[in-house]
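Computed from the coordinates by the stated procedures, all read-outs in this text should not be read as laboratory data. All values derive from a computational prediction rather than experimental measurement. Cβ coordinates were reconstructed from backbone atoms using ideal geometry, including for glycine residues, and neighbour counts include every protein chain displayed.
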Amino acid sequence: MKVTTAKTAGFCFGVRRAVDTVYEQAESCGGPVYTYGPIIHNETVVEDLEKRGVRVINSPEELEQLTEGTVIIRSHGVEKAIYDKIERLGLRCVDATCPFVKKIHRIAERESRAGRHIVIIGNEGHPEVEGIKGWCEGGVTVISTPEEADKFALSEGNQVCIVSQTTFNYNKFQELVEIFLKKSYDISVLNTICNATEERQREARSIAKQVDAMIVIGGRSSSNTQKLYEICRKECKNTYYIQTLVDLDSKPFQSIGHVGITAGASTPNKIIEEVQKHVRIKF
């Protein structure tokens, strides 16, 4: 069987930086180490960090219970109020927010202060989107579908600034922006989808067009992996979403000649290599 693995599969710069930061802190800190939310959306990595004593804090209420230690801000970023709370509690803060996400925080804060209504093209409830919302000082709306974009309405004379979740589908972003541009607002559009995401999606789409089956590897709660699955599924009906090798069912691959493999930005190389080796040997 021929196997094509995406060159862009696996940890992106921001995720690798965040994960390395937590491992370094776990080894060097004398006191307890916490991450505010899972450092990345990958259960395997989070479980390994837990074995090293790194605990996940999931809410401001849990944060309030801490009296000492280091709190690491996850790669997705958090709202400004969390930084303020960590400082007020006298805890040590290590910021592992992806630099591309940090850039959106600065844009949202600056543009909202200037009086613009912030439109975030992304998934409501996603940690990155919630973090961006928390840097807006005025009106903010999250849009993810054409229907929501069509319904969006502000009173005449309002200024709008559009940004995007870094891992949003690039083609869908363009589609939604086109809808906004038809409205009579003073609109500023900033494509804040990171380059790594665009390249990963582009390569996944290209491979999926050429293969008989496609394997997409990543955590179930990983937004960028879900987007990869959607993109690949559109080009190749035999697309399978797995978290680790354990999830891979061999039966669908018995009569297939060419398999493609890609993985989300929070998938460790070790898992990708295990899947790739298994496919080459067993199929």
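Here are some notes:
- Ordering of 206-212, 98-104, 115-121, 73-79 by burial proxy (mean other Cβ atoms within 10 Å per residue, highest first): 73-79, 115-121, 98-104, 206-212
- Sorting the Cα pairs of the stretch 172-283 by distance into bins of 10 Å, from 0 upward, gives 13, 41, 26, 12, 6, 1 percent per bin.
- Placing a label point 7 Å from the Cα of residue 280 along the Cα-to-Cβ direction, the residues of the stretch 7-31 whose backbone N falls under 19 Å of that point are 7-11.
- Using C-alpha pairs below 8 Å separated by at least 6 residues, the relative contact order for the stretch 13-98 is 34 percent.
- With the simple model of a label 7 Å out from the Cα in the direction of the Cβ, residue 56 to residue 154 spans 3.5 nm.
- Top of 62, 203, 137 by mean-square fluctuation, Gaussian network on the chain, Cα under 10 Å: 62
- For the chain, relative contact order (Cα pairs under 8 Å, six or more residues apart, normalised by length) works out to 22 percent.
- Computed about its Cα centre, the charge dipole of the chain is approximately 940 debye, with only Lys, Arg, Asp and Glu carrying charge at their Cβ.
- Over the stretch 13-98, the hull volume per residue, using the convex hull of the C-alpha atoms, is 80 Å³.
- Equivalent ellipsoid dimensions for the chain as semi-axes, Å, which come from the Cα gyration tensor, largest first: 33, 29, 12
- Kirkwood-Stokes translational diffusion coefficient of the stretch 155-222, alpha-carbon pairs, 4 °C, 1.567 mPa s, µm²/s: 91
- A Förster distance of 41 Å, applied to the separation of the beta-carbon atoms of residue 2 and residue 221, puts the FRET efficiency at 0.85.
- Considering only 3, 171, 269, and ranking their Cα positions along the charge dipole of the chain that arises from unit charges at the beta-carbon of Lys, Arg, Asp and Glu, the one farthest toward the positive end is 3.
- Take the Cβ atoms of residue 256 and residue 202, set R0 to 25 Å, and the FRET efficiency comes out at 0.60.
- Extent along principal axes [Cα atoms of the stretch 100-189; Å; largest to smallest]: 30, 28, 18
- Added length on full extension, which subtracts the Cα-Cα distance from 0.36 nm per residue, residue 212 to residue 17: 66.7 nm
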